[in-house]
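Structure provided below as structure tokens; questions to follow.
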Amino acid sequence: MELCSVTPETVPAFTRACAHEHVFGSKALTALRAHGLESAAHRYFHRGDAAALYLTQGVLVISAAGDFNPAPIAAFSHREQVHEIDLALPHAQALRRMLGGKLESSFFMVYTGPPQPPACPGLHPGDLSAVFDILQQSHEYYRTHLDFSAWSADLDRKLSLGLMELWQLDVDGMPAATGSIISEDDTCAVIGAVAVVPAYRRRGYATALSRALVHRIQQRGKTPRLISGYDAVAALYRQIGFTPCGRWGELYL
């Protein structure tokens, strides 16, 4: 079966395909709920209920079944001039053999620990400008991959529709850290973009913020999930109560 654009009639198949990988699947599903099928900047494709694809700004996110066929997606990626593909590592490795590129990887993680307390002094809903500055200071990825106009427009729409949460941690009145519940499906919600300004690192703020986000997700009766970003970061999340449940791949073309 070839890739097809998602239509109102095929949204159920797309939704089923999003459940193959909850982190990327929830990202695609949340984007669809936020922007709909009419947006030229946010596009959605599927291969029946075997694979769901979400394309925006040259970044392709994929949730696919285990019997993944890379050939149609490799051809699609070449045709659409995709420069980054995010999906499960075995699928990313298959695509790399066909497309080349640089592959990075780390852990999918799922929360298996006890209920978390809500306390995190100084935490409040994030200001988009302040959060963007925190992200820019925290890591090169955010400096090279985020455009404020597109990033803020996407987040502002999702926030206004109640499809995500953006949080900011202030210390002595200064923005020090941020974290988000970036997407969700019917069973899980995904923690993302947890970042601490370098001057405030190694004080436990990332741990406190992550625990608070876990609590908020648990209060909604859903399972917290995340991508650790780097293997070293996975050690922090293990201490909180997260368990690795697979590996993801980020293929740069």
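Quick check on my filter: what residues within the range 210-236 are among the basic types (Lys, Arg) and assigned to a helix (DSSP H, G or I)?
If the condition is that a residue be among the basic types (Lys, Arg) and assigned to a helix (DSSP H, G or I), then Arg211, Arg216 are the ones that fit.
For the structure I just gave you, tell me whether Arg211 is under 20 Å from Leu87 (Cα atoms), basic (Lys, Arg) and out of contact with any Asp or Glu (no Cβ under 6 Å at 6 or more places or on another chain).
In short, no.
Further question: Could you tell me which of the residues Arg202, Arg220, Arg225 is among the basic types (Lys, Arg), in the same structural domain as Trp151 (by TED's automatic domain parsing), in contact (Cβ under 8 Å) with a residue 12 or more places away in the chain and surrounded by fewer than 19 Cβ atoms within 10 Å (Cβ to Cβ)?
Going through Arg202, Arg220, Arg225 in turn, just one is among the basic types (Lys, Arg), in the same structural domain as Trp151 (by TED's automatic domain parsing), in contact (Cβ under 8 Å) with a residue 12 or more places away in the chain and surrounded by fewer than 19 Cβ atoms within 10 Å (Cβ to Cβ): Arg220.
Hey, another quick one. Just checking, how many residues over the range 172-188 are surrounded by fewer than 21 Cβ atoms within 10 Å (Cβ to Cβ) and in contact with a Gly (Cβ under 6 Å, 6 or more places away or on another chain)?
0
Could you please give the count of residues in the range 184-203 that are out of contact with any Phe, Trp or Tyr (no Cβ under 9 Å at 6 or more places or on another chain), in a strand (DSSP E or B) and either under 17 Å from Phe132 (Cβ atoms) or of a type in the set (Ser, Thr, Tyr) (or both)?
Total meeting the criteria: 2.
Here is a further query. Those residues that are without any contact (Cβ under 8 Å) to a residue 60 or more places away in the chain and among the aliphatic types (A, V, I, L, M), I need them from the range 81-115; list them, please.
Of everything in the range 81-115, those that are without any contact (Cβ under 8 Å) to a residue 60 or more places away in the chain and among the aliphatic types (A, V, I, L, M) turn out to be Ala94, Met98.
Evaluate the following for Ala19: is it under 23 Å from Leu146 (Cα atoms), outside the structural domain of Pro224 (by TED's automatic domain parsing) and of a type in the set (A, V, I, L, M)?
Here the answer is no, as Ala19 does not meet what is asked.
Just for strands (runs of 3 or more DSSP E) wholly inside the range 61-159: which have at least 2 residues that are within 18 Å of the chain's Cα centre (by Cα) and on the phi < 0 side of the Ramachandran plot?
Answer list for the range 61-159: 84-88, 102-111.
Right, here's the next one. Which of the residues that make up the range 135-164 are touching a Lys or Arg at 6+ places or on another chain (Cβ under 7 Å) and closer than 27 Å to Arg203 by Cβ?
Scanning the range 135-164 gives Gln136, Met164.
Given the residues Phe45, Phe24, Phe76, which is the only one that is over 29 Å from Glu165 (Cα atoms), of a type outside the set (Lys, Arg) and either touching a residue at least 60 places away in the same chain (Cβ under 8 Å) or outside the structural domain of His145 (by TED's automatic domain parsing) (or both)?
Phe76
Based on this model, can you work out whether Leu236 counts as aliphatic (A, V, I, L, M), surrounded by fewer than 17 Cβ atoms within 10 Å (Cβ to Cβ) and either within 19 Å of the chain's Cα centre (by Cα) or over 19 Å from Ser180 (Cα atoms) (or both)?
Judged against the criteria, Leu236 is a match.
Kindly provide the set of residues from the range 237-253 that are assigned to a helix (DSSP H, G or I) and in contact with a strand residue (DSSP E or B) (Cβ under 9 Å, 6 or more places away or on another chain), ordered by number.
Residues satisfying the conditions are Tyr237, Arg238, Ile240.
The values are calculated or read from the model by the stated rules, or taken from the named source; none is laboratory data. Please read these numbers as outputs of a predicted model, since none were measured by experiment. All Cβ positions, glycine included, derive from the backbone under ideal geometry; neighbour counts span all protein chains shown.
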